[in-house]
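Bear in mind these aren't lab numbers, they're just calculated from the coordinates by the rules spelled out. Just so it is clear, the model here is predicted, and its values are computed rather than measured. No Cβ is skipped: glycine too gets one built from the backbone with ideal geometry, and neighbour counts run over all protein chains shown.
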């Protein structure tokens, strides 16, 4: 999420400032790459129930994805709406 | 020799030139007066906020911490307990769950704004924002009002304002600040007990009853979280409203655009949060050595995250000292950021916008009277104690 907001990427709101409290930084990760990401916490899984767009198996909250070398080449898709 | 003293009246009045020197010449600066390192650049503050494991909140997050508070509020607790506590209550603060508060907030704003009609000059804080924030907080938290009130609203407000200040000479909390904090805890305890006995559909009832898989907030956690929320709702939000009023008073073009088109208020609020948030500086404590900009900060050292400085960093926001309501400052630090980002974010945005929609209907043209403002002596927050406005 930090990367998106710092670089002017539209489509990610992050209204709560990255505290996993608003579900407006929803993004879709390719299912084949989910294992490369840090696993979601219970809080994130609960908050994903609140996303405005369709929740899919690859749904994650961008503010909870920690960047690491394992994410090399990762492509993120954004939902049509965040609220 | 350069010094940065967060207790100095000069810093209360105008921290921004100090911040600029910090960012440009001493981006990782040891302040003996603060007894901590100062981080002033946007990127460093964001990184620290995200790395809660290294930059711990468990030893207190206020620059001058209140006794017994660290470890018993959301903002002064680390994972895993923090995540559990926050998860128990944050749904109540989500924008979509605040919709039912819109109408009551607007009624409060209208009523308080109406009381200003016909006045030629008034203190925005005493006559508008204090009354507004106390009433909104009472409505949101379900605190007893009217016939059920246990104390006057003005008393609750005065205590909230007192507890966040410190003594600029001793650089600590004075007895009056501690007394106000203790009063607030007693007050909150009384309300909590009442809600436990007779639960309602309000925030305090929700905290006391909140449970996830058998896990609940304990007595101390309910009490201190409630106390913090009262402080935040009255002091932080009230302080920010005064800063926003100051911006609207001083930047007449921006204000007039907002009066003509109130839909612009939301963007103006965001720009003010960037330009001069009331939540200027918070602290963390290092859990390991960190080397930054050639300085080695040691385990156990306190570190100041100067949000107010990060928000004026041209490395993130071009032309940062310009107040521009079309800027749309993404990722600003006006509400902090990372895992401890302000829980009241959505309610603050909603409340301040509605407050000024109604305020501008009654008072659309105004300007500041005092050339110099009396600033609150606080190492954490920045807002004026009095803001006299003259109606045009």
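In whole angstrom, how far apart do the alpha carbon centroids of region B:84-137 and region B:197-260 sit?
First find each Cα centre; the distance between them is then 9 Å.
For the residues B:352, B:362, B:11, what sequence is obtained by ranking on other C-beta atoms within 10 Å, fewest first?
Ascending number of Cβ neighbours within 10 Å: B:362, B:11, B:352.
For a distance above 43 Å, tell me the whole-number percent of Cα pairs in the protein assembly as shown that qualify.
10 percent
How much mean residue ellipticity at 222 nm does chain A get from its helices, if each DSSP H run of length 4 or more adds -39500 (n - 2.57) and you divide by all residues, to the nearest 500 deg cm²/dmol?
One gets -3000 deg cm²/dmol as the mean residue ellipticity at 222 nm.
How well do other chains shield peptide A:39-48, expressed as the mean number of their Cβ atoms within 10 Å of each residue Cβ?
3
Using only alpha carbon pairs under 8 Å that are at least six residues apart, calculate the relative contact order of chain B and give it in whole percent.
For chain B, the relative contact order is 28 percent.
Which of A:54, B:153 has the fewest other C-beta atoms within 10 Å, and how do the rest follow up to the most?
Arranged by neighbour count, lowest to highest, A:54, B:153 become A:54, B:153.
Per residue Cα convex hull volume for region B:54-170, in cubic angstrom?
175 Å³
Taking the Cα-to-Cβ direction at residue B:147 and at residue B:328 and moving 7 Å from each Cα, how far apart do the two end points lie in nm?
5.0 nm
Set the Förster distance to 22 Å, then compute FRET efficiency between residue A:6 and residue A:49 from the Cβ-Cβ distance, nearest 0.05.
After rounding, the FRET efficiency stands at 0.20.
Hey, in the GNM for chain B with a 10 angstrom Cα cutoff, which one of B:334, B:142, B:294 fluctuates hardest?
Ranking B:334, B:142, B:294 by mean-square fluctuation puts B:294 first.
With the crude spin-label approximation of a point 7 Å out along Cα→Cβ, what separation in nm comes out for residue A:81 versus residue B:371?
Modelled inter-label distance: 5.3 nm.
How do B:163, B:376 rank when sorted from fewest to most other Cβ atoms within 10 Å of their own Cβ?
Ordered from fewest to most neighbouring Cβ atoms within 10 Å, B:163, B:376 come out as B:376, B:163.
Shielding by partners for A:18-31, please: the mean number of other protein chain Cβ atoms within 10 Å of each residue's Cβ.
4
Where the centre of each part is set by its Cα atoms, how far does region A:41-58 sit from region B:299-368, in angstrom?
For region A:41-58 versus region B:299-368, the Cα centre distance is 28 Å.
Looking at the P(r) of region B:143-246, how many percent of alpha-carbon pairs lie beyond 21 Å?
Summing the P(r) tail past 21 Å for region B:143-246 gives 42 percent.
Where in region B:34-65 does the label zone of residue B:215 land, with the point 7 angstrom along Cα→C-beta and an amide N cut-off under 11 Å?
none
Sorted by mean Cβ packing within 10 Å, highest first, what order do the peptides B:111-124, B:85-98, B:379-392, B:128-141 take?
The densest-packed peptide leads the list: B:128-141, B:379-392, B:85-98, B:111-124.
Cα extents of chain B along the three principal axes, largest first, in whole Å?
If we take the Cα atoms of chain B, the spans are 57, 54, 39 Å.
Per the Kirkwood definition applied to all pairs of different Cα atoms, how many angstroms is the hydrodynamic radius of region B:114-179?
Taking every pair of different Cα atoms in region B:114-179, averaging 1/r and inverting gives 13.9 Å.
Add -39500 (n - 2.57) for each DSSP H run of 4 or more in chain B, then divide by its residues: what number comes out at 222 nm, to the nearest 500 deg cm²/dmol?
Estimated from H runs of four or more residues: -13000 deg cm²/dmol.
Could you give the Stokes-Einstein D for region A:2-77 in µm² per second, using the C-alpha Kirkwood radius, 10 °C, 1.306 mPa s?
The Stokes-Einstein estimate is 126 µm²/s.
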